[in-house]
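Below is one structure, written out as structure tokens; the observations come after it.
The values are calculated or read from the model by the stated rules, or taken from the named source; none is laboratory data. Note that the coordinates shown come from a computational prediction; the quantities given were computed from them, not determined experimentally. Every residue, glycine as well, gets a Cβ built from its backbone with ideal geometry; the counts of neighbours run over all protein chains shown. All accessible areas refer to the heavy atoms of the entire protein, side chains included, with ligands and DNA or RNA removed. Shrake-Rupley method; radii C 1.70, N 1.55, O 1.52, S 1.80 Å.
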Amino acid sequence: MSEESFSTELGRSGQLVAMESAAESDVLNTSESFTGDYPGTGSQNGSGPNDADRDSLDGSLYDCNICLDTAHNAVVSMCGHLFCWPCLHQWLLTKPNRKLCPVCKSAVDRDKVIPLYGRNGTSKQDPRDGIPPRPAGHRTEPVVEAERIHGFGHAFHMSFGLGFPFDFISSSLNLGEPRNPAPNRGTAQHHNEQNLSKFFLYMAFVLIAWLIFA
Amino acid sequence: MAQNISPEQSGAGGGGTKHSDDSLPVKDNHAVSKRLHKELMNLMMANEKGISAFPDGENIFKWVGTIAGPRNTVYSGQTYRLSLDFPNSYPYAAPVVKFLTSCFHPNVDLQGAICLDILKDKWSALYDVRTILLSIQSLLGEPNNESPLNAQAAMMWNDQKEYKKYLDAFYEKHKDT
């Protein structure tokens, strides 16, 4: 009696497992047929089925649409397109005014993507939290144009000097007397001026030493 | 003395930013070349009819592609070579694509520059070498005469017979290029 009920239980659970696996393969089938009419690639050359074959052969069903590699920190847009979050984030950064899905051009945003968590995903962290560090701006030294709009901002200089031998320390303020802009780094003129300023610095030390010891 | 020091300070600051500039694109370049290698693999596997592309020498960032003139158009039977120049920001920015073979077409100028929206403002990170070449191939047969780069070609387009005649003469003249 108990054995019988156990076997029916087993049978039932076996059936259940079979049903589950059937459902699973069904899901797989539908997802494969979905990629068959993959928007964007199939429509352009009319070789849709060929594409689908290739995709399933490569196992590239879960490839990011931007880096073409298996999606990591995967997110899926509302329109169903898979991306690595860093890739999609970078794309959204390059088009801050038009945040569109690269595949189908529907609206996409941080809050309009769903993070995906796989079975063996070790971290339960939202991939959207790990926004890659923003790339540093490309800063180049500006080419200094001789812009003298107000006269004051650019033409204000203060210099300390050692007056020999009586004005022990004299300072002077120069107003409204523009100087040439400093040459750009790396140019020969810049190099020369650096050397010259070092030379005068040493001269100043020598003078101070002479004043003290003499 | 204060003046003497300040350039040094700004110099050190400049050096600092320069260093971070140097370190970033290296990482980016790796991702870009990885994607370009993948595209090359896909192109070779797909063996698409009418288009082909391969890196030009050692540099993976410069490719040379060929497209066959689409059938049932005035361009059928012709083969065109194009250069594809990928920026470091690819695929977030479009590559620069130019015709190497002279091409008489309403949307191609005599220097080989192409006027195509997907290479400009309609660019998407999804597009790759394959889709670019296919788009240019279909552009050959279906020019956008609204915004011509070659006004003469745009004017002549309506009379396809005359256009074909002119085209044949054009290729006779530019055979060596």
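If I ask for residues that are outside any loop (DSSP other than H, G, I, E, B), among the polar types (S, T, N, Q) and within 17 Å of the chain's Cα centre (by Cα), which ones from segment A:57-109 would you list?
A:90, A:94
The rows are residues; the columns are (1) open to solvent by less than 70 Å² (accessible area, probe 1.4 Å); (2) at pLDDT below 85.
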position	(1), (2)
A:170	yes, yes
A:180	no, yes
A:202	no, no
A:210	no, no
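Give the residues of segment B:139-173 that are open to solvent by less than 60 Å² (accessible area, probe 1.4 Å) and closer than 22 Å to residue B:52 by Cβ, sorted by residue number.
B:139, B:140, B:141, B:171
Could you list all residues from segment B:94-119 that are out of contact with any helix residue (DSSP H, G or I) (no Cβ under 7 Å at 6 or more places or on another chain) and of a type in the set (Gly, Ala, Ser)?
Across segment B:94-119, the qualifying residues are B:102, B:112, B:113.
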